[in-house]
1. Could you tell me whether any residue of the stretch 58-66 is part of a strand (DSSP E or B), free of Cβ contacts under 8 Å to residues at least 40 places away in the same chain and surrounded by 12 or more Cβ atoms within 10 Å (Cβ to Cβ)?
2. Please work out which residue is farthest from I84 (Cα to Cα), limiting yourself to the stretch 8-21 and to residues that are surrounded by fewer than 15 Cβ atoms within 10 Å (Cβ to Cβ) and more than 22 Å from the chain's Cα centre (by Cα).
3. Can we say G162 is closer than 21 Å to T31 by Cα and in contact with a His (Cβ under 9 Å, 6 or more places away or on another chain)?
4. Scan the stretch 118-134 for residues that are more than 10 Å from the ligand (Cβ to nearest atom), assigned to a helix (DSSP H, G or I) and surrounded by 13 or more Cβ atoms within 10 Å (Cβ to Cβ) and report the count.
5. Which of the residues belonging to the stretch 138-185 are within 13 Å of the ligand (Cβ to nearest atom), not aliphatic (A, V, I, L, M) and not in a helix (DSSP H, G or I)?
6. Taking into account only those residues within the stretch 94-117 that are more than 10 Å from the ligand (Cβ to nearest atom) and of a type in the set (A, V, I, L, M), which is nearest to V155 (Cα to Cα)?
7. Being crowded, with 17+ Cβ neighbours inside 10 Å, within 15 Å of the ligand (Cβ to nearest atom) and either part of a helix (DSSP H, G or I) or in contact (Cβ under 8 Å) with a residue 24 or more places away in the chain (or both) is true for just one of I84, I75. Which residue is that?
8. Could you list, in sequence order, all residues of the stretch 99-117 that are among the charged types (D, E, K, R), surrounded by 14 or more Cβ atoms within 10 Å (Cβ to Cβ) and assigned to a strand (DSSP E or B)?
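The values are calculated or read from the model by the stated rules, or taken from the named source; none is laboratory data. Everything numeric here is computed off the predicted structure, so don't read it as measured data. Here Cβ is always computed from backbone atoms with ideal geometry, including for glycine, and neighbour counts include all displayed protein chains.
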Amino acid sequence: MLYLGIDAEVDLPHHMILFAKDYKKNVDEMTKEMVLSADPSIYVHNPSRIDPTLAPQGKSALMVLMPVPNLQADINWETEKETIKEAMLKRLEQEPGLHDIRNLIETERIITPLDWQNDIYVYKGATFSFAHSLDQMMYLRPHNQFEDVQHCFLVGGGTHPGSGLPTIFESAKISSDLLIKQYQHKERIQKTLNTEKGVKMV
Ligand SMILES: Cc1cc2nc3c(=O)[nH]c(=O)nc-3n(C[C@H](O)[C@H](O)[C@H](O)COP(=O)(O)OP(=O)(O)OC[C@H]3O[C@@H](n4cnc5c(N)ncnc54)[C@H](O)[C@@H]3O)c2cc1C
């Protein structure tokens, strides 16, 4: 993921996806061969197109995303991240109005799967958690109530029903419903809290 502070108002839509010429090859390289694609796809987010407060006047704040393999791949992210940044900028420069983008960069930040793992403990840097393959989707994902340890509930992208924000909110709803059901609704939870904190509730 590459954040770019650009010293110009770029003429880009709010969202844009630049597909690889051979998209199937690109996906196979990412998910099966676990290598970086020479011909990648990238997504470009230009939020100030719809909300000017998201970049200083006359400037743009772009988020450029390149899907890549997670840390199961044998990739040295410390050395490869410059190569990847170069590939992303090269691809952007091919777009009308962006040929000069490199000279307009005021600030930049690149985040790799290694950073996801090191900085916020994302396992294997896999931000979407378990792949959404048929054998581990929906009911086949780990269940919200942990099966081996009592009183343990799971929530989030690695749990039923799956990753992506709408699905994760659903996962939170399922887990909280299970909690309420298991602990017989809030009176019992409140009673426990009151006992622990010595607080009286009405
Ligand atoms: C670049 C990018 C773009 C995306 N775009 C979209 C999109 O457009 N739409 C969409 O629906 N989804 C999108 N996603 C996916 C979505 O963001 C994730 O699926 C979602 O955030 C996962 O939520 P989660 O609660 O399961 O985990 P996370 O959001 O990863 O939250 C887990 C939290 O737990 C913390 N944590 C980890 N280990 C510990 C520990 N031991 N102790 C305490 N805390 C810990 C972490 O620091 C983190 O804050 C995108 C993801 C990325 C990376």
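1. Looking for residues that are part of a strand (DSSP E or B), free of Cβ contacts under 8 Å to residues at least 40 places away in the same chain and surrounded by 12 or more Cβ atoms within 10 Å (Cβ to Cβ), one finds none in the stretch 58-66, hence no.
2. Only one residue tops the list, namely D11.
3. Judged against the criteria, G162 is a match.
4. 1
5. Answer for the stretch 138-185, where residues must be within 13 Å of the ligand (Cβ to nearest atom), not aliphatic (A, V, I, L, M) and not in a helix (DSSP H, G or I): R141, P142, N144, G156, G157, G158, T159, H160, P161, G162, S163, G164.
6. Step by step, filter the stretch 94-117, then rank; the result is L114.
7. I84
8. Selection gives E108 alone.
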